[in-house]
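Peer 1: One structure follows; several queries about it will come next.
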Amino acid sequence: MPRSLIRMTALCAAAIGAALLIPAVSTAAPAQAPTDVVETIVTVPASDADRAAIQGALTAIVKSLPFPASGFRLAVDGATDEVGRAVLKLEGSKPWGPLDASAERIYDRTDASDDEDRTLEIRVSVNGTKGLSTGLASVGGTPRPFAIPGAFALEQTLTGIEEGGGTGESGSRVALPLDKDQIERTVALLRIYVVPKSLEGRLRALASGSPEFPAFDPGFTPSSRRAVVRALVVEIHGQKRDVEAYARRVRADQLRSRLQT
């Protein structure tokens, strides 16, 4: 599958708008959330110190992730980082929705054939789901749980691909006559949520039977500080065999140790 097609199936989620760069003077509408709890929020510009602190944390987190298996290399222009410019002012004893940030690393292989794309994309989101994809759009099946010790994880593949190598997923729009090797090479998206247990419970409930990956913003990881790591999401996109192999090497317990209050 051409790299351009794979990239098209993983559309980037919308980042916080430019309007957040201006100090808010009125109550903003709450972002869509995995709960019926509504917080009153306004946006406040992040300081340079806040942004530097989150950038440092993001860099350390990305460096702590495993490098893809032998044969992969970082693609030209394959590394991008983005740090938010606003924090959310919340009500209550923990008045801040901490600053968010995201990073992307794109790896390719030198041994991939001309007619096969072997790209592996790793995206990291701190304090939300900023910069993550919206899934495989209309061609993707329902995200299913994927076992990762110490975290909640979901995997989505093309519609018609069943877990365990079968085809003809119940209720699918497409039944793909693929053999085991073809299934391993199909497109997959896997998301690992390393979040506070209270939020994890909400995400699990929201994901149950839903065709969408659950999303959240910093308003759902409140803190007494503006620049802390309250949640981490690691997203892996590429061929199913590469995605799952990489996911099994992610140490969620180590990532969880980076969460702060």
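Peer 1: Do any of Lys63/Lys240; Lys180/Lys240; Lys63/Lys197 go past 21 Å between their Cα atoms, and which?
Peer 2: Listed pairs above 21 Å: Lys63/Lys240; Lys63/Lys197.
Peer 1: Report the FRET efficiency, 1/(1 + (r/R0)^6), for Lys63 and Arg144, where r is their Cβ-Cβ distance and R0 is 51 Å, rounded to 0.05. Could the numbers behind the result be given before it?
Peer 2: Details: r = 30 Å, r/R0 = 0.59.
With a Förster radius of 51 Å, E is 0.95.
Peer 1: Sorted by mean Cβ packing within 10 Å, highest first, what order do the peptides 67-79, 49-61, 189-201 take?
Peer 2: 189-201, 49-61, 67-79
Peer 1: Hey, fewest Cβ within 10 Å first, where do Glu212, Glu82, Glu121 land in order?
Peer 2: By the 10 Å Cβ count, ascending: Glu212, Glu82, Glu121.
Where a number appears in this text, it was derived from the coordinates with a stated rule and is not lab data. Here the structure is a predicted model, which means the values were calculated and not measured. Every residue, glycine as well, gets a Cβ built from its backbone with ideal geometry; the counts of neighbours run over all protein chains shown.
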